[in-house]
1. Of all the residues that make up the stretch 123-139, how many are of a type in the set (Lys, Arg) and surrounded by 16 or more Cβ atoms within 10 Å (Cβ to Cβ)?
2. Please state which one of Asn34, Asn44 is surrounded by fewer than 17 Cβ atoms within 10 Å (Cβ to Cβ), at pLDDT below 90 and more than 30 Å from Lys137 (Cβ to Cβ).
3. Report yes if Ile98 is buried (at least 18 other Cβ atoms within 10 Å of the Cβ) and without any contact (Cβ under 8 Å) to a residue 40 or more places away in the chain, otherwise no.
4. Any residue in the stretch 106-118 that is of a type in the set (Phe, Trp, Tyr), out of contact with any Cys (no Cβ under 9 Å at 6 or more places or on another chain) and free of Cβ contacts under 8 Å to residues at least 60 places away in the same chain?
5. Do we have any residue at all in the stretch 83-95 that's closer than 30 Å to Ser147 by Cα, surrounded by 12 or more Cβ atoms within 10 Å (Cβ to Cβ) and among the basic types (Lys, Arg)?
Amino acid sequence: MDDKGKSATLILGKKQGDQYFARDTSAPMIFLINEDIYKKLAENYNDLRDKKLVHFDPASINHVEMHNANGTIICARKSEFEWTIEEPAELKGKPAEISKLFTPLEQASAEQIFDQPAPNIRAILAKPEFETILTDKSGKKLTVQISKESNGFVYARTSDSPAIYKLDKQILSDLNFKSSDMALSASPN
């Protein structure tokens with residue numbers, strides 16, 4: 001899948017000499033690939049796959065709603081580089097360190113991806129431990145949900161795909177901060 005969510009499919013065919021027939025399903029042309037490429041595609045699909053949990057442009061996000069083990073935090077973009085906390089009420093109007101949320105999300109990479117997750121894996125996400133809704137300037141929402149820890153891992157999904165991602169449990173620790181941890185001290189003018 002590319003940055004815009006468009007996917008492409010490569011079909012591999014019979015061997016001819018030391019090469020293999022191949023075709024991109026979006027085009028009628030058939031071409032040959034060498035045996036090294038064939039082996040990489042055939043044996044290491046999981047290694048070649050984009051395992052990034054989410055793709056978003058932080059500069060285009062203007063509203064964040066987050067629910068974690070410590071409660072709800074809602075932040076809004078005030079200017080190009082400034083965010084303010086809208087909720088909880090006791091921190092309303094305080095500057096927010098939005099990177100505490102964005103950085104772990106941007107860096108999250110799956111150990112494994114389940115395109116057709118088994119019911120037991122889907123059940124783990126029935127009551128997520130963490131959920132955030134990122135809203136961009138056009139109003140489009142991206143939801144990310146992460147399960148409780150299970151055997152050293154957590155499972156995550158996004159509103160962009162039905163796939164479920166298996167991640168190291170550290171991401172949940174990184175995202176289970178308190179609202180007071182996100183509030184920046186007011187800087188002097």
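The values are calculated or read from the model by the stated rules, or taken from the named source; none is laboratory data. As the structure is a prediction and not an experimental result, all values here were calculated from the model. Positions of Cβ are generated from backbone atoms using ideal geometry, with glycine treated the same way; all protein chains shown enter the neighbour counts.
1. Qualifying residue count, the stretch 123-139: 0.
2. On the way: Asn34 fails: at pLDDT below 90.
When all the criteria are applied, what remains is Asn44.
3. Details: buried (at least 18 other Cβ atoms within 10 Å of the Cβ): yes; without any contact (Cβ under 8 Å) to a residue 40 or more places away in the chain: no.
Answer is no for this residue.
4. Taking every residue of the stretch 106-118 in turn, at least one turns out to be of a type in the set (Phe, Trp, Tyr), out of contact with any Cys (no Cβ under 9 Å at 6 or more places or on another chain) and free of Cβ contacts under 8 Å to residues at least 60 places away in the same chain.
5. Yes - at least one qualifying residue is present in the stretch 83-95.
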